[in-house]
Amino acid sequence: MIGDQFYRHIENGPEFSGLNVNQGIEPLPSVDENSVKRFLKNKKKNALSVQQFVDGILNGDITILSQAVTLVESSKPEHQEIAQEIIVKCLPFSGNSVRIGITGVPGVGKSTFIEAMGKHITAKGNKLAVLAIDPSSERTKGSILGDKTRMEDLSIDPNAYIRPSPSAGSLGGVARKTRETIVLCEAAGFNHIFIETVGVGQSETAVHSMVDFFLLLMLAGAGDELQGIKRGIMEMADVITINKADGNNIEKAGLARVQYMNALHLFPPTDSGWKPRVTTCSAYMKTGISEIWETIDEYLSLVKGNGYFQHKRNEQSKFWMYETINEQLRNSFYQNEQIKTLMEESEGKVLKEEISSFVAARKLLDLYDKIKKNNI
């Protein structure tokens, strides 16, 4: 006698003579819930304490450093709380590095240049951390994170640490937490920090506010040498370097160098007392790299001697204090549930022209002010 289970397959019906399909087994759950619970429990049990994070960072443990940076970049409140405790404990061990910002138009060869310069630095026994800010998708928040693949030699250098950070749609592609990451890297013993930006844009202003030296990479032979270069970015640069000065491009690079030097003469004197320079190099052929580093050394000697180095860092610390306050106030305002409700209502009224944008904003701010007063 054939059981009912036999007929569960339509092919085993009487209308399909000659066919016989085994029933097989009942499908199993795709995930064992008990296993998941045990995994999460063990993960929580094995989580590092704040002091273990700090000790690992101070001992130069790259794995623990990376985990701490991940906490810094996380938007979860519980992660942020731990991250801030780690940063506070690491702060006394930071500030002992040379921070260099590197930017340039897309395709200028930033990654190749950083690798060439990075190998030059580590060859001298120094430790280098490269914070490469990658572009993120505004829609998916995904990012390319390809710098490790472009810097093959540097990525396997024991004295180098490359940390691609998604910008997550923040201003000009600069990751919000880059400055805090610098503190952790310095505490881990990295005495040279490179910050690479996504390209020429508003991000340079933010990067300039967290570095000691700002280097602008340019190309020669790409049309009008000064076309599309914002005066503000050139004014921020301590050195402009014409990359890819090799082969048939050497003469063009020399001409571009003269043009940039003439342009720099039109700018007012810098607060540091340094006269910005224009150099040429070939990151691919590794020519001109040592000369650029000598120029950076010369700059550092000048600004440390005249007191500008520490003055600039003090100004940067104040700037980021106010930036953090502004950011926290913004987040507190937009995440408030009462504000969210009134915001939607106000948007509708503004679109229907029942109320002006300014009056709507004033009402929202007044409500927020009352909420804060009642919570005190």
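The values are calculated or read from the model by the stated rules, or taken from the named source; none is laboratory data. Remember, it's a predicted structure, so these values are computed and weren't measured experimentally. Every residue, glycine as well, gets a Cβ built from its backbone with ideal geometry; the counts of neighbours run over all protein chains shown.
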For this session: Confirm whether ASN59 is over 20 Å from the mean Cα position of the chain (by Cα), at pLDDT 85 or above and on the phi < 0 side of the Ramachandran plot.
Result: yes
Problem set entry | Test result for PHE267, in a loop (DSSP other than H, G, I, E, B), farther than 15 Å from VAL105 by Cβ and not small (Gly, Ala, Ser) | yes
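Looking at ASN314, is it of a type outside the set (Lys, Arg) and farther than 30 Å from ILE242 by Cβ?
yes
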Exercise. Taking the stretch 101-141, which residues are charged (D, E, K, R), surrounded by fewer than 24 Cβ atoms within 10 Å (Cβ to Cβ), farther than 19 Å from LEU300 by Cα and modelled with pLDDT of 85 or more?
Worked result: LYS119
For this session: Would you confirm whether any residue within the stretch 88-99 is over 16 Å from HIS192 (Cβ atoms), in a helix (DSSP H, G or I), modelled with pLDDT of 90 or more and under 19 Å from the mean Cα position of the chain (by Cα)?
Result: no
Problem set entry | Exclusive hit being outside the structural domain of ILE114 (by TED's automatic domain parsing), charged (D, E, K, R), in contact (Cβ under 8 Å) with a residue 12 or more places away in the chain and assigned to a helix (DSSP H, G or I), set GLU327, GLU291 | GLU327
For this session: Would you mind telling me which numbered condition in (1) within 30 Å of GLY109 (Cβ to Cβ); (2) part of a helix (DSSP H, G or I) MET285 fails?
Result: (2)
For this session: Return the total of residues in the stretch 279-295 being surrounded by 18 or more Cβ atoms within 10 Å (Cβ to Cβ) and either farther than 18 Å from GLY254 by Cβ or touching a Leu at 6+ places or on another chain (Cβ under 7 Å) (or both).
Result: 0
Exercise. Quick one: is TYR299 of a type outside the set (Gly, Ala, Ser) and either at positive phi or assigned to a helix (DSSP H, G or I) (or both)?
Worked result: yes
